[in-house]
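**Q** My questions all concern the structure below.
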Amino acid sequence: MTDEEPRLQATPAARTALEAVRAREGSQVMFVQSGGCCAGSVPMCFLEGEYLTGDGDILLGDVDGAPFYMESTLEAALGHPSFVLDVAPGGPEGFSLGTVDGGHFVSRSSACLVTDETA
Amino acid sequence: MLYSAPGTEGSKVEVLTEYGNFIGGQFQAPIEGEYADNPTPVTGKPFTRYAQSTEADVEAALDAAHKAAPAWGESSLAQRAIVLNKIADAVEEHLEEIALAETYDNGKAVRETLNADIPLLVDHFRYFAGAARAEEGTLTEIDADMVAYHFREPLGVVGQIIPFNFPLLMAAWKLAPALAAGNAVVLKPASPTPWSIMKLMEVIGDVVPPGVINVVTGPGAKIGKALATNKRIAKIAFTGETVTGRLIMQYAAQNIIPSTTELGGKSPNIFFSDVMAEDDAFLDKAVEGLVLYAFNQGEVCTCPSRALIQEDIYDEFMARCLARIKAIKQGSPLDTETMMGAQVSTNQMDKISGYCDIAVQEGAECLVGGQKADLGGDLAGGYYFNPTVYKGDNKMRIFQEEIFGPVLAVTTFKDDAEALELANDTMYGLGAGVWTRNGTRAYRMGRAIKAGRVWTNCYHAYPAGAAFGGYKISGVGRENHRMMLDHYSQVKNLLVSYSDQPLGFF
């Protein structure tokens, strides 16, 4: 990865899924990258403004206007990662919105882009 | 011994085609009539359906809870203790069935549910039955004519959101103190594990007054939010990850109610050279202490997922540990010989695989495992992962992020100072382990590690009488211990004058 590359990209499948979620909800949405635990290690998807962000949150970028945040301590602990927003089967976690076909959003580190799964 | 799968011939555990919510002492179909498939991690195949509830079901559960709360809150401590003891007795009587249900819903090995999860659940209710009986208010003699009386009063109706890793034990951690303190509860289990709690309700439903415990299943984005944001709850308790935890605290702030959050960890497990001073039972215990990262397939908020080993014993100590790890028997979670069962979901499996990819990309050395396990036959569709160990550097992502799987990150340290620095170089502060034969070192390390619990020469013990909770971003509040009765009540002060004399101001 070079410095010029964006911190956040999205697969075509993620962009299609995002469009469908926005249509279903009738609203813009936002993403917040979660650390791990009983759920997590995924971007949580909320209606825009649902999750109150503060000075300690970093805006990594946006996907078609949907902002993608990450808490700064987590961002530093993960070594300032770059992400590719993607979708995967299986329901969403926590209070996150799922995709219209019963899947959920995932974030893959950009180094994983070489795998067939995200190509 | 291999148990028959619940719902199949020869099993003691009945499985209905679908389960509604448990509201007001009865099972009720969800108002909109929607259900979702519930797969078992054992095979990956759906075995029943659970209610996909909506906001209206949460309101119905809150109606039932509010109806029950006044009488329950006014009942004597002795009466409440009787109910808690009856819950414990009923579960103990059906321990095997409930353990099997928990194993089938979650995927964990049945030897764990039979010997840990469910016996601990039983003990938890008995502990709080006893603790409640011993509760006392306080009084302060302000002066000769004035006394301040302090009473503990219930909060009323509380909301509780339970994680998937110990669906019943974590429910007990929250239910027992809430009930003992006189509250009624609306509880939402995690979406991957909606069934075993309903089997628990089948067993304890008729010993608890209707409406005191209500259970609603369904998607977090809909009913978790409907519960956590509801103006009719007096407290919200949550165990899960940090983003949802922050949202819970945000909702609590908006309604000005207290919250308890338990939000995970990346717990260091520290082994000093002196553990190898003798080749004895203690060394054997320490080796097992490292391998406990595989307990519950690593799906534990306090999983000892970072092993820090003093460099002069690393080779020999790790060789012993790896031999023990390679002896972990994977197989059907319903087999009492199985030592490590299935991960809870395909989501979880994919995350674990993803972290293993990251470990390799970051240059960590794989000492064992690193891939999914194909156990063949009926288990081929189940969610099995091999016990895994990577050696690396504490700055790597596998040392910093909670993987929630059977993946151990190992590194070495030179001296006490470096051990402490590495132990505290984490966002989290839930658990830690210290292993040494030197009592002074154990004390100094234990006090200096920034975590809510430091297991000392032991790990993964969860007695009801020991407070549990996080430092740093691992959450706010505690669970277990009788101090929980304070967390589920509020203080009423009666300030009483026994003087007949006016103040003389007016």
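The values are calculated or read from the model by the stated rules, or taken from the named source; none is laboratory data. Nothing here was measured: the structure is a model prediction, and the numbers come from that model. Neighbour counts are summed over all protein chains in view; Cβ atoms, including those assigned to glycine, are modelled from backbone coordinates with ideal geometry. The accessibility values were calculated without ligands, DNA or RNA, using every heavy atom of the protein model including side chains. Shrake-Rupley method; radii C 1.70, N 1.55, O 1.52, S 1.80 Å.
**Q** List, in order, the whole-Hz ³J(HN,Hα) value for each residue of the range B:239-256 obtained from phi through the Karplus relation with A = 6.51, B = -1.76, C = 1.60 and θ = phi - 60°; use x for Gly and Pro.
**A** Those phi angles translate into 10, x, 9, 5, 5, 5, x, 5, 5, 4, 5, 4, 4, 4, 4, 5, 9, 6 Hz.
**Q** How large is the Kirkwood hydrodynamic radius of the range B:395-440, counting all unique pairs of alpha carbons, in Å?
**A** Numbers: mean 1/r = 0.0811 Å⁻¹.
By the Kirkwood definition, the hydrodynamic radius is 12.3 Å.
**Q** Please work out the FRET efficiency for the pair B:V476 and B:D500, using the Cβ-Cβ distance as r and a Förster radius of 41 Å; give the result to the nearest 0.05. Could the numbers behind the result be given before it?
**A** Working: r = 46 Å, r/R0 = 1.13.
Efficiency, rounded to the nearest 0.05: 0.30.
**Q** Could you state the angle between the C-alpha long axis of helix B:314-326 and the longest principal axis of the C-alpha atoms of chain B, as a value from 0 to 90 degrees rounded to the nearest 10?
**A** Once rounded, the angle reads 80 degrees.
**Q** Could I ask something else about it? From the gyration tensor of the Cα coordinates in chain B, what semi-axes in whole Å does the equivalent ellipsoid have, largest first, with each one equal to sqrt(5λ)?
**A** Details: eigenvalues 307, 189, 78 Å².
One finds semi-axes of 39, 31, 20 Å for chain B.
**Q** Going through the cross-link list B:K12/B:K235; B:K174/B:K391; B:K12/B:K188; B:K395/B:K472; B:K45/B:K86, which pairs have a Cα-Cα distance over 29 Å in this structure?
**A** Working: B:K12/B:K235 37 Å; B:K174/B:K391 37 Å; B:K12/B:K188 26 Å; B:K395/B:K472 18 Å; B:K45/B:K86 35 Å.
Long pairs (Cα-Cα over 29 Å): B:K12/B:K235; B:K174/B:K391; B:K45/B:K86.
**Q** Could you tell me what % of all Cα pairs in the range B:1-46 have separations over 11 Å? Walk me through the numbers on the way to the answer.
**A** On the way: 778 of 1035 pairs.
When all Cα pairs of the range B:1-46 are counted, 75 percent exceed 11 Å.
**Q** Give me the 1.4 Å probe accessible area per residue for the protein assembly as shown, excluding ligands and nucleic acids, in Å². Walk me through the intermediate numbers first.
**A** On the way: 24040 Å² over 625 residues.
Computed with neighbouring chains in place, this is 38 Å² per residue.
**Q** Something else now. Using the Karplus curve 6.51 cos²θ - 1.76 cosθ + 1.60 with θ = phi - 60°, what ³J(HN,Hα) values do you get for each residue of the range B:462-476, in whole Hz, with x for Gly and Pro?
**A** 10, x, 4, x, 10, 5, 9, x, x, 8, 6, 7, 7, x, 10
**Q** Further question on the same structure: How about the range B:327-436: which GluC sites (Glu not before Pro) there are in a DSSP loop, with at most 14 other Cβ atoms within 10 Å of their Cβ? Could the numbers behind the result be given before it?
**A** Values: sites: B:E337, B:E362, B:E365, B:E401, B:E402, B:E418, B:E421; in loops: B:E337, B:E362, B:E401, B:E402.
The qualifying sites are B:E337.
**Q** Convex hull over the alpha-carbon atoms of the range B:243-282: what's its volume per residue in Å³?
**A** Numbers: hull volume 4.0 nm³, N = 40.
Output value, Cα hull per residue: 99 Å³.
**Q** Another question, then. Let's test the formula: R0 of 56 Å, r as the Cβ-Cβ distance of B:V147 and B:A448. What FRET efficiency results, to the nearest 0.05?
**A** 0.85
**Q** Right, another one. Using only the Cα atoms of the range B:324-407, what semi-axes does the equivalent ellipsoid have when each is the square root of 5 times a gyration tensor eigenvalue? Give whole Å, largest first.
**A** Values: eigenvalues 116, 37, 20 Å².
Equivalent ellipsoid semi-axes, largest first: 24, 14, 10 Å.
**Q** Name the residues of the range B:316-347, by number, that are at least 30 Å² less accessible with every protein chain in place than in the isolated chain; the surface is that of heavy atoms, probe 1.4 Å, without ligands or nucleic acids.
**A** With the partner chains in place, the range B:316-347 has these residues losing at least 30 Å²: B:N347.
**Q** Normalise the Cα radius of gyration of the range B:46-141 by 2.2 N^0.38 Å (N = residues in it) and let me know the number. Numbers along the way, then the final one.
**A** Details: Rg = 17.9 Å, N = 96, 2.2 N^0.38 = 12.5 Å.
Rg over 2.2 N^0.38 Å, computed on Cα atoms: 1.44.
**Q** Could I ask something else about it? If we sort B:163-171, B:46-54 on the protection proxy, mean other Cβ atoms within 10 Å, highest first, what's the order? The partial results should precede the final answer.
**A** Details: B:163-171: 25.1, B:46-54: 20.7.
Those peptides, ordered most packed to least, come out B:163-171, B:46-54.
**Q** Another question, then. Using only the alpha-carbon atoms, how far is helix B:167-180 inclined from the longest principal axis of chain B? Give it as 0 to 90 degrees, nearest 10.
**A** 30
**Q** Test of understanding: extend the Cα→C-beta vector of B:N255 to 7 Å, then name every residue of the range B:200-233 with backbone N under 14 Å from that spot.
**A** B:223-233
**Q** Provide, as a two-decimal number, the C-alpha radius of gyration of the range B:87-138 over 2.2 N^0.38 Å, N being how many residues it has. Show your work: numbers first, answer last.
**A** On the way: Rg = 13.7 Å, N = 52, 2.2 N^0.38 = 9.9 Å.
Output field value: 1.39.
**Q** Using 1/(1 + (r/R0)^6) with R0 = 60 angstrom and r between the beta carbons of A:T16 and B:A319, what's the FRET efficiency to the nearest 0.05? Present the calculation step by step, with values, prior to reporting the outcome.
**A** On the way: r = 51 Å, r/R0 = 0.84.
Efficiency for this residue pair is about 0.75.
**Q** What residues qualify as long-range amide H neighbours of B:Y35, i.e. H under 5 Å apart, gap of 5 or more or another chain, H built at 1.01 Å from N?
**A** HN-HN under 5 Å from B:Y35: B:Q52.
**Q** Oh, and also: How big is the equivalent ellipsoid of the range B:86-220 along its three axes, where each semi-axis is √(5λ) from the Cα gyration tensor, reported in whole Å from largest to smallest?
**A** Values: eigenvalues 225, 52, 30 Å².
So the equivalent ellipsoid measures 34, 16, 12 Å along its semi-axes.
**Q** Calculate the spin-label point distance for B:T336 paired with B:E93, positioning each point 7 Å from the Cα along the beta-carbon direction, and give it in nanometres.
**A** The two pseudo-label positions are separated by 2.3 nm.
**Q** Continuing with this model, one more query. Shielding by partners for B:234-245, please: the mean number of other protein chain Cβ atoms within 10 Å of each residue's Cβ.
**A** Shielding by partners across B:234-245 averages 6.
**Q** Taking Cα centroids, how far is the range B:277-315 from the range B:427-506 in Å?
**A** Each part's Cα centre sits 26 Å from the other's.
**Q** Please give the total accessible area that chains B and A bury against each other, computed with a 1.4 Å probe and expressed in Å² to the nearest 100. Before the final figure, lay out the partial values.
**A** Values: alone 20460 and 6440 Å², together 24040 Å².
Using a 1.4 Å probe on protein heavy atoms, the buried area is about 2900 Å².
**Q** Express the carbon and sulfur contribution to the solvent-accessible surface of chain B as a percent, rounded to the nearest whole number, probe 1.4 angstrom. Let's see the in-between values first.
**A** Values: 9890 of 19030 Å².
Accessible surface attributable to carbon and sulfur in chain B totals 52 percent.
**Q** Suppose accessible area is computed on protein heavy atoms with a 1.4 Å probe; arrange B:Y498, B:Y35 from highest to lowest.
**A** Details: B:Y498 130, B:Y35 40 Å².
The most accessible residue leads, giving B:Y498, B:Y35.
**Q** Largest first and to the nearest Å, give the Cα extent of the protein assembly as shown along each principal axis.
**A** Computed over the Cα atoms, the extents are 81, 64, 63 Å.
**Q** Nearest 10 degrees is fine. How inclined is helix B:77-93 to the longest principal axis of chain B, computing both from alpha carbons?
**A** Helix B:77-93 and the main axis of chain B meet at about 30 degrees.
**Q** State the volume of the convex hull built on the alpha-carbon positions of the range B:461-506, expressed per residue in Å³ and rounded to an integer. Don't skip to the end; give the middle numbers.
**A** Numbers: hull volume 6.7 nm³, N = 46.
That works out to 145 Å³ per residue.
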